[in-house]
Amino acid sequence: MKIGNYEVFSIETGRFGLDGGAMFGVVPKTLWSKKNPSDTYNRINLASRTLLIFYENQKILVDVGCGHKFSEKQQKIYDVDYSKFSLKNSLSKFDLEATDITDVILTHFHFDHAGGGTQYKNNHLEPTFPSASYFIQKSQWERALNPSEKDRGSYHQEDIEPFQNSPQLNVLDGPSELFPGLDLLISNGHTTGLEMVRIQDGSTTLFLCGDLMPTASHLPLPYIMGFDVYPLTTVEEKRTYLKQACQEDWLIALQHDPNYEAIRIRQGEKYFEISESINL
């Protein structure tokens, strides 16, 4: 998709599974399972998407998927599947290698968004993209270094340690225009300092909201994740951003929905609903 001087593509980095109850919080299984069937372990199938953005001489990624550092036990727990998609293979379709990436915007440091940012090479843990500047919010970086008991399991130290005292990591503090026409908006419900990306050119707006709304099934305001650190904040942030997205006809990029890459929404009888589905 062309938006101003940006070319934007949604690419797959793999598939994985998380507990359906955790993904929908207090919403009963009889409701969420209608569109999200679970396996025998109560896991639902989830996509792991990133945005690949071309801008002038820059090649930008928004998130990097789970990566390939899982133990055998973790792979079984999260049902990690790279049989159809991987970040490396998706980049190769654009004739890109890790060394070509110039910028990595991390929405947050949870393993399913940041795991692909580091790798083992000759038994040494290092950033996957050696030429890239990585961007993270200060409050999220501080939380990743000192998580609470509630969200400790979402952070894997292998994803974080290589960036301590690294010149590649750029720690930001608050919303900003990172590049002309590309700005970062901040959410604090799912986790503190989650960076959401908005690209606009005056006629088209693309909004990647990260885990504020991971799938289209989370469009109803009460449908929020049990993982959210501040669930009531999530509800109010969804109310604000979905209302604006509806009124201004934003295109919403979804990172975890197994069926929809991006959607436009309209006001339904009770909640917002999909008006259009688009592949980026």
Using the Cα gyration tensor of the chain, with a ≥ b ≥ c the square roots of its eigenvalues, what is the shape: rounded (a/c below 1.5), prolate (a/b larger than b/c) or oblate (neither)? rounded
How would you classify segment 52-206 from its alpha-carbon gyration tensor, with a ≥ b ≥ c the square roots of the eigenvalues: rounded for a/c under 1.5, else prolate if a/b is greater than b/c, otherwise oblate? oblate
What list do you get for V197, V62 if you sort them by fewest beta carbons within 10 Å? V197, V62
So which of K35/K69; K2/K59; K59/K238; K69/K121 end up more than 19 Å apart by C-alpha? K35/K69; K59/K238
Once amide H atoms are placed 1.01 Å from N in the peptide plane, what residues at a sequence separation of 5 or more from L169, or on another chain, have their amide H within under 5 Å of its amide H? Y134
Could you please state, rounded to a whole Å, how far the C-alpha centre of segment 1-69 is from the C-alpha centre of segment 250-274? 13
Which one, T30, T215, T233, has the greatest fluctuation when you compute a Gaussian network model over the chain with C-alpha springs under 10 angstrom? T30
Using just the C-alpha positions of segment 7-93 as equal point scatterers, what log10 of I(q)/I(0) does the Debye formula give at each q in 0.20, 0.22, 0.23 1/Å? -0.94, -1.03, -1.07
Sequence-distant or interchain residues sharing an amide H contact under 5 Å with C66, placed H: which? G116
For S92, what charge total do you get from the other residues with a beta carbon under 15 Å from its beta carbon, if Lys and Arg give +1 and Asp and Glu give -1? 0
In whole Å, what are the Cα extents of segment 134-280 along the three principal axes, biggest one first? 48, 35, 25
Under 14 Å Cα-Cα from K88, which aspartates and glutamates qualify once same-chain neighbours fewer than 8 residues away are excluded? E12, D63, E97, D100
Under 10 Å, Cα contacts only: if you run a Gaussian network model on the chain, which one of T205, T13, T191 comes out with the highest mean-square fluctuation? T205
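We did not get these values from a lab; they are worked out from the coordinates using the rules stated. Note that the structure is predicted; figures quoted are calculated from it, not measured. Counting neighbours? That spans all protein chains shown, and the Cβs are built from the backbone with ideal geometry, glycine included.
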